[in-house]
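Peer 1: Here it is, the structure in full.
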Amino acid sequence: MRLALSLVTVFFGISLANLEVGFYSNTCPQAESIVKRVVSGAALSDPNLPAILLRLHFHDCFVEGCDGSILVNNGAISEKNAFGHEGVRGFEIVEAVKAELEAACPGVVSCSDIVALAARDAISLANGPAYEVPTGRRDGRVSNMSLAKDMPEVSDSIEILKAKFMQKGLNAKDLVLLSAAHTIGTTACFFMSKRLYDFLPGGQPDPTINPTFLPELTTQCPQNGDINVRLPIDRFSERLFDKQILQNIKDGFAVLQTDAGLYEDVTTRQVVDSYLGMLNPFFGPTFESDFVKAIVKMGKIGVKTGFKGEIRRVCSAFN
């Protein structure tokens, strides 16, 4: 029985495939520098790009594994059209990187590796931790919106979120750390309506929202207002990659319902608290180092290597 469970973990959770840092050191030694240059250049004209590319990496990995399936445009059934991927962007940046890599090293670097490397460089641009990305992923040959039906959603309870992460081989600590990626980026009022105006019977808001914060949220997202208006997910440092989002969650200043829920659960609350307080990080875990472990772990979900998958010529289409 234990062996059977282990096999399930291998196939449906974190893949044990052979990724390695510096995978392209011989076949395309300039690969990572090209990714970094294109991402850095694009960020000059779009300060929200770090959050966009980080989100793209997450959404790619949570459907069919980290295989670039979200990048494919194969008509109405395309995975990118799924409701769970609403608002995901950054596709044109990945294509720009791919075009340069194809000119330098045709048929060598996968689109899925580009997504992972671009997320790493995006985090660095937001003053986040630098880290090495194991590469060697190959691109998947499937892209279908029906496969994205189990994406985490802003209305999910903490128990549902933990279950969805566990299905991918990620634990409660990973859930907190990867949710903390909301330290950069924005969300739309569309995702706030229920939490502000229909959370409890009688049209009452989520009671976990700090009373001093509620008027600020309702001003930015008035009832029956423009649902496309965007607001920072991290109230105090929306473009700086730091652990302020965790302090916000503890103090009732979380913008998203799923973030707030992290402090309503005993297990995830303990993880949040472990990164806060005067003695951290001197006598406790370091948020930055633990985040790196979590995102590298996420980047190994369901990867395809060796003879599996393909190396696409363009990221938006199968070969």
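No lab work stands behind these numbers, since they all come straight from the coordinates. Quick caveat: nothing in here was measured; it's all calculated off a predicted structure. Positions of Cβ are backbone-derived with ideal geometry, glycine not excepted, and every protein chain shown enters the neighbour counts.
Peer 1: Pulled fully out, how much extra length does the chain show between residue 76 and residue 45, if you take 0.36 nm times their separation in residues and subtract their Cα-Cα distance?
Peer 2: Extra length available between residue 76 and residue 45 comes to 8.1 nm.
Peer 1: Using label points projected 7 Å from each Cα along Cα→Cβ, tell me how many nm separate residue 163 and residue 267, to one decimal.
Peer 2: Once both label points are built, they end up 1.3 nm from each other.
Peer 1: What's the FRET efficiency of residue 99 with residue 193 using the Cβ-Cβ distance as r and R₀ = 35 Å, to the nearest 0.05?
Peer 2: The value I calculate is 0.35.
Peer 1: What are the aspartates and glutamates whose alpha-carbon lies under 13 Å from the alpha-carbon of residue 293, with same-chain residues fewer than 8 places away excluded?
Peer 2: Result set, ordered by chain and number: 132, 174.
Peer 1: Quick one: if you stick a label point 7 Å off each Cα along the C-beta vector at residue 156 and residue 86, how many nm between them?
Peer 2: The answer from the label model is 1.6 nm.
Peer 1: Compute the long axis of helix 158-167 from its Cα atoms, compare it with the longest principal axis of the Cα atoms of the chain, and write down the angle in degrees, 0 to 90, nearest 10.
Peer 2: Computed tilt is about 10 degrees.
Peer 1: Oh, and also: Gaussian network model of the chain, Cα springs within a sub-10 Å range: biggest mean-square fluctuation belongs to which of 143, 33, 45?
Peer 2: Of 143, 33, 45, the Gaussian network model singles out 45 as fluctuating most.
Peer 1: Additional query: Place +1 on the Cβ of every Lys and Arg and -1 on the Cβ of every Asp and Glu in region 170-319, take the dipole about the Cα centre, and give the residue among 209, 280, 315 whose Cα lies farthest towards its positive end.
Peer 2: Toward the positive end, the furthest listed residue is 315.
Peer 1: Let me ask something else. Quick query: amide H of residue 301 versus all other amide H atoms, modeled in the peptide plane; which residues come in under 5 Å with a sequence gap of 5 or more or a different chain?
Peer 2: Correct list: 15, 66.
Peer 1: Evaluate 2.2 N^0.38 Å with N set to the residue count of the chain, then give the Cα radius of gyration divided by it.
Peer 2: Normalised by 2.2 N^0.38 Å, the Cα Rg of the chain equals 0.99.
Peer 1: Oh, and also: Taking amide H positions as placed 1.01 Å from N in the peptide plane, with prolines and chain starts having none, which residues 5 or more places from residue 135, or on another chain, fall under 5 Å of its amide H?
Peer 2: 20, 21, 22, 23
Peer 1: Find, among the trypsin sites (Lys or Arg not before Pro) in region 61-121, those assigned to loop by DSSP (not H, G, I, E, B) with at most 16 other beta-carbon atoms within 10 angstrom.
Peer 2: Within region 61-121, the qualifying trypsin sites (Lys or Arg not before Pro) (loop, at most 16 other Cβ atoms within 10 Å) are 89.
Peer 1: Full extension from residue 276 to residue 317: what is 0.36 nm times the residue separation minus their Cα-Cα distance, to one decimal in nm?
Peer 2: The residue 276-residue 317 span can extend by a further 10.3 nm.
Peer 1: Give the peptides 253-262, 208-217 in descending order of average Cβ contacts within 10 Å, highest first.
Peer 2: In decreasing order of mean packing, 253-262, 208-217 become 253-262, 208-217.
Peer 1: Could you give each residue of region 26-43 its phi-based ³J(HN,Hα) in whole Hz, using Karplus coefficients 6.51, -1.76, 1.60 with θ = phi - 60°, and x for Gly or Pro?
Peer 2: After applying 6.51 cos²θ - 1.76 cosθ + 1.60, I find 9, 7, 7, x, 8, 4, 5, 5, 5, 4, 4, 5, 5, 5, 4, x, 5, 5 Hz.
Peer 1: Quick one: which of 250/297; 194/304; 250/308; 36/297; 36/250; 243/300 span more than 32 angstrom between C-alpha atoms?
Peer 2: Long pairs (Cα-Cα over 32 Å): 194/304; 250/308; 36/250.
Peer 1: Size of the dipole of the chain about the Cα centre, Lys and Arg at +1 and Asp and Glu at -1 on the beta carbon, nothing else charged, in debye to 20?
Peer 2: In total the dipole reaches around 660 debye.
Peer 1: Determine, from the Cβ-Cβ distance of residue 21 and residue 230 and an R0 of 22 Å, the FRET efficiency 1/(1 + (r/R0)^6), rounded to the nearest 0.05.
Peer 2: Taking R0 as 22 Å, the efficiency between residue 21 and residue 230 is 0.05.
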